[in-house]
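A.B. asks: Once you've had a glance at the structure underneath, I'll fire off some questions.
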Amino acid sequence: MSEWRLHQKLLSAFSCYQAHGAFAYFSNQKKIYARFNWKQISSDRCQLILTNPLGKTEINLDIQSGSAKLIDNHGKCYTEKDAEMIIQKLSGISIPLINLRQWMLGLPGDATNFDLDSNGYLHALNYNYNGQCWTVIYKSYYDDIDPALPSNLELYQCDIQIKLRIDKWNL
């Protein structure tokens, strides 16, 4: 457990970082594939850009505490107090974005039910969000980065599956 506490402390120190990779969303109704660039600008501000396989920006989402602005692939701008609400309204996709920021780093966020692997890294977690139970499974980590950061994780909720493959971290 002391390995986990040290790892958690090191990860919690990151307030600014970038993660680039691939995003896949599967449900009974839709399948979405995209490249993503998550830029954590400060502890309360981040930007998420999703691009299609041809490199065209589909979504540019800017989240600050208490507000969110999304620009779609047609240049139309939407603002809300809640980033998760914008995504839900426009795409029909429900994603716990606030916790996703922590989960991408290998932290449990608001989840209190989680398991560690033999290295003291997060292996799996369960999180209840708006009446939905999300499960996150960490498939692999980059061990050559200190501290180790996730390279592949999967999120599950009923018929929804989200796969994130992080190709590059900028710390």
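A.B. asks: Condition (residue is in contact (Cβ under 8 Å) with a residue 40 or more places away in the chain, more than 26 Å from residue 27 (Cα to Cα) and of a type in the set (Phe, Trp, Tyr)) applied to segment 112-121: is it met by at least one residue?
C.D. replies: yes
A.B. asks: Looking only at segment 42-59, count how many residues are in a strand (DSSP E or B) and either among the hydrophobic types (A, V, I, L, M, F, W, C) or under 15 Å from the mean Cα position of the chain (by Cα) (or both).
C.D. replies: Within segment 42-59, residues that are in a strand (DSSP E or B) and either among the hydrophobic types (A, V, I, L, M, F, W, C) or under 15 Å from the mean Cα position of the chain (by Cα) (or both) number 7.
A.B. asks: So, of the residues in segment 141-157 that are charged (D, E, K, R) and in a loop (DSSP other than H, G, I, E, B), which turns out to be surrounded by the most Cβ atoms within 10 Å (Cβ to Cβ)?
C.D. replies: Looking at the filtered set, the residue picked out is 143.
A.B. asks: Checking residue 75 against (1) of a type outside the set (Val, Ile, Thr); (2) under 14 Å from the mean Cα position of the chain (by Cα); (3) at pLDDT 95 or above, which test does it fail?
C.D. replies: (2)
A.B. asks: Counting just the residues of segment 78-100 that are of a type in the set (Val, Ile, Thr), closer than 29 Å to residue 133 by Cβ and not in a helix (DSSP H, G or I), which one comes out modelled with the highest pLDDT?
C.D. replies: 95
A.B. asks: Quick one: in segment 158-171, of everything that is surrounded by fewer than 16 Cβ atoms within 10 Å (Cβ to Cβ) and not hydrophobic (A, V, I, L, M, F, W, C), which residue is farthest from residue 117 (Cα to Cα)?
C.D. replies: Among residues in segment 158-171 that are surrounded by fewer than 16 Cβ atoms within 10 Å (Cβ to Cβ) and not hydrophobic (A, V, I, L, M, F, W, C), the one farthest from residue 117 (Cα to Cα) is 159.
A.B. asks: If the requirement is being in contact with a Cys (Cβ under 8 Å, 6 or more places away or on another chain) and either over 20 Å from residue 154 (Cα atoms) or at pLDDT below 95 (or both), which of these qualifies: 69, 9?
C.D. replies: Checking each option against the conditions leaves just 69.
The values are calculated or read from the model by the stated rules, or taken from the named source; none is laboratory data. Since this is a predicted model, take the numbers as computed values, not measurements. Note: ideal-geometry Cβ built from the backbone for every residue, glycine included; neighbour counts use all protein chains shown.
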